[in-house]
Amino acid sequence: MFAIGYHSLRELKATFQEILSSDGVKWLKQPTQDDLLEKLKDMTFEIAGGKPTNFEEQYGGPLEGGSDAEFPERKLLRWLHRFAFLCDDEANLVVLPAMYMQHRYFWDDAYPTALRYGTLGFFLGHEMAHGFDDLNRLYDNHGNLRDSRSPDTKLIFDHDKNCLADQFADLHYSGLKLPKMEAQGENIADNVGIRLAYATYTKWLKLQSKVPDTETLPNMSQTPQQLFYLSVAQSMCTDILEDRRPAFVRNSVHPPNESRVFVMMANSKSFAEAFQCGNQTKLSPAHRCAMY
Ligand SMILES: [Zn+2]
């Protein structure tokens, strides 16, 4: 399982490196472009929970605690947080919870490779992209606060970020209009992550002499490209109790998953191609947003 994680990260890094070196991001200018490439090169990967954690030793007994000790619930939350937290940007580290690496959850030898890139590949790409989102791009590869961007570069970055913020502010969830949010870290990570995973998958596909028979699922007619996008959406499939949705829309720093999936797909030209969406439809708009 470690090998799959490391291998995927290496491939995704190579794709991100191509994007960050391409003409499309000339606006980053020097020395920012070099700084970002350096940060990417030094980014490491760790599987949390890959080694056994001694809960008692690290955090004390979960049920211990008194007036001068931390509440046990808080200890437990802190412990659980460790396993849910996927990107430590100050350490320039992508952390993947071991539970994500379970056999048959994200990947299996019997699954099409499209599924591995649409799940594990997308999650890793998303976490990697967090290092370059609206907050964490300010940290260099050693975790020091450093922003080398020129005023022009800042303008373009903010323009692209605002493009995403406007897209979400146009959406409704359960009849409620989504607020326009200043923080766009999740949306930037989604936008870059899905592009990284898809580009890395299509590179793999091109290396095969022909599309392998294993790139389909039994009794399903989807193409490999469609399976990739379906698996991204499937892995983000969640629901929120109806009476909690208004509070979620008001308080959450993330838009609801269904809105995130919708925006990711609408911004992916290759999604529209894979599903042959007509021009200027909801999922194939005339104008798309792209970070980097
Ligand atoms: Zn995230």
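The values are calculated or read from the model by the stated rules, or taken from the named source; none is laboratory data. In this text the structure is predicted, and so the values were computed from the model without any measurement. Note that each Cβ is placed from the backbone with ideal geometry, even for glycine, and that neighbours are counted across all protein chains shown. Remember, those area values only see protein heavy atoms, side chains included, never the ligands or the DNA or RNA. Shrake-Rupley method; radii C 1.70, N 1.55, O 1.52, S 1.80 Å.
Kindly list the residues of the stretch 145-178 that lie in the label zone of GLN30, defined by a backbone N under 19 Å from the point 7 Å along the Cα-to-C-beta vector.
147-154, by backbone N distance to the label point.
With the crude spin-label approximation of a point 7 Å out along Cα→Cβ, what separation in nm comes out for LYS206 versus ALA247?
4.9
Roughly how many Å² is the accessible area per residue of the stretch 226-292, as a whole number, for a 1.4 Å probe?
For the stretch 226-292, the per-residue accessible area is 57 Å².
How much FRET efficiency would the formula 1/(1 + (r/R0)^6) give for SER21 and ALA183, where r is the Cβ-Cβ distance and R0 is 30 Å, rounded to 0.05?
E between SER21 and ALA183, to the nearest 0.05, is 0.60.
If you put +1 on each Lys and Arg Cβ and -1 on each Asp and Glu Cβ, how big is the dipole of the stretch 146-217 around its Cα centre, in Debye rounded to 20?
The dipole magnitude comes to about 240 debye.
Keeping all protein chains in place, calculate the accessible area per residue for the stretch 157-210 (probe 1.4 angstrom), answer in Å².
47
For the stretch 121-205, what's the radius of gyration and Dmax over Cα atoms, in angstrom?
In Å, with Rg to one decimal and Dmax whole: 14.8, 44.
Could you give the nm distance between label points at LYS282 and GLN234, where each point is 7 Å from its Cα heading toward the beta carbon?
Those two pseudo-labels are separated by 2.2 nm.
In whole percent, and with a 1.4 Å probe on the protein chains, what portion of the accessible area of the stretch 105-238 is carbon and sulfur?
That fraction is 56 percent.
How many percent of the alpha carbon pairs in the stretch 138-254 exceed a separation of 16 Å?
75
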